[in-house]
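Here's the structure we're looking at; comments come further down.
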Amino acid sequence: MTSLNEKIDIIKKHIKVYPDFPKRGVLFRDIFSVLLEPEIFQILKDVIVEIAKDIKRKNDYNCVVGLDARGFILGPLLALELNLPFVPIRKVGKLPGDTYQIKYQLEYGEAICEIQKDSIKPGSKVLIVDDLLATGGTLEAARQLVLLSGSSVVACFIIMELADLAGRNKVQAPVESILQF
Ligand SMILES: O=P(O)(O)OC[C@H]1O[C@H](OP(=O)(O)OP(=O)(O)O)[C@H](O)[C@@H]1O
Ligand SMILES: Nc1ncnc2[nH]cnc12
């Protein structure tokens, strides 16, 4: 049987790294490269489900929120497995109906993200899911959108954390990451 740490090592080896994308000086870590081989994608799924269940035991949640765009790979997998609702947070202009909006800074730019006002049941306890934590601007904006929706964030779950950027210090909720760079 492959241990959790061995599975995490396999995932790490399959994350392709691109220097100077999308801007000079950024080392881009591409989670999509893990999805090219079904058996590696399956390992990623097994690892995130195991860790998400562990987070739930410590810090119960009843809703999974995923961030545009790469949080949409992971969030729905977890939500289905845990039988919980999945709610998307999207870049501005992509969601129909009434929305809450927050502007935030990225490692390489600025953006606005949105959530549909009627998507999260008020009073929910939310797990936010994304592929990568860089400056923490995206996660903190997402946390504020959950708050505007009348719910709270019990934890954030990330595959890759760029530890040097100290993004977790910007996020006013516990952050759990699988790989640190
Ligand atoms: O911690 P931060 O500095 O906020 O950066 C992290 C965010 O940046 C990336 O998404 P990006 O905004 O590039 O959007 P994409 O997934 O649509 O490419 C990544 O998937 C995170 O969502
Ligand atoms: N270095 C990086 N690699 C992939 N996605 C990112 N989003 C922000 N910084 C990133």
(message) Could you work out [θ]222 nm for the chain from helices alone, using -39500 (n - 2.57) per DSSP H run of at least four and dividing by all its residues? Round to the nearest 500 deg cm²/dmol.
(response) -10000 deg cm²/dmol
(request) Measure out, as a whole number of angstrom, how far apart the alpha-carbon centroids of segment 20-56 and segment 57-92 sit. (result) 15 Å
(message) Report, in listed order, any pair from 7/58; 45/117; 12/117; 56/117 with a Cα-Cα distance greater than 27 Å.
(response) 45/117; 12/117
(request) Can you work out the accessible area per residue across the chain, with the rest of the protein chains kept in place, probe 1.4 Å, in square angstrom? (result) 51 Å²
(request) Before anything else, pin down the relative contact order of the chain: Cα pairs under 8 Å, at least 6 apart, normalised by residue count, whole percent. (result) 17 percent
(request) With both partners inside the chain, how many of the DSSP beta bridges are antiparallel, as a percent to the nearest 5? (result) 40 percent
(message) Averaging the inverse of every distinct alpha carbon separation and then flipping it gives the Kirkwood radius. What is it for segment 4-180, in angstrom units?
(response) 16.4 Å
(request) Work out, step by step, the length gained on full extension between residue 37 and residue 12: first 0.36 nm times the residue separation, then minus their alpha carbon distance; give nm to one decimal. (result) 7.6 nm
(request) Output the peptides 63-70, 146-153 sorted from most to least packed, where packing is the average of other Cβ atoms within 10 Å over each peptide's residues. (result) 63-70, 146-153
(message) Mean-square fluctuation check for the chain, GNM, Cα pairs under 10 Å: which of 28, 72, 41 is largest?
(response) 28
(message) Given a 1.4 angstrom probe, I'd like the percentage of the accessible area of the chain that is carbon and sulfur, rounded to a whole number.
(response) 51 percent
(message) I want to verify the translational diffusion coefficient of segment 16-99 in µm²/s; compute it with Stokes-Einstein, Rh as the Kirkwood radius over Cα pairs, at 10 °C and 1.306 mPa s.
(response) 108 µm²/s
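The values are calculated or read from the model by the stated rules, or taken from the named source; none is laboratory data. In this text, all values refer to a predicted model and were calculated from it rather than measured experimentally. Note: ideal-geometry Cβ built from the backbone for every residue, glycine included; neighbour counts use all protein chains shown. Each accessible area value is taken on the protein alone, full model and side chains, heavy atoms only, with ligands, DNA and RNA left out. Shrake-Rupley method; radii C 1.70, N 1.55, O 1.52, S 1.80 Å.
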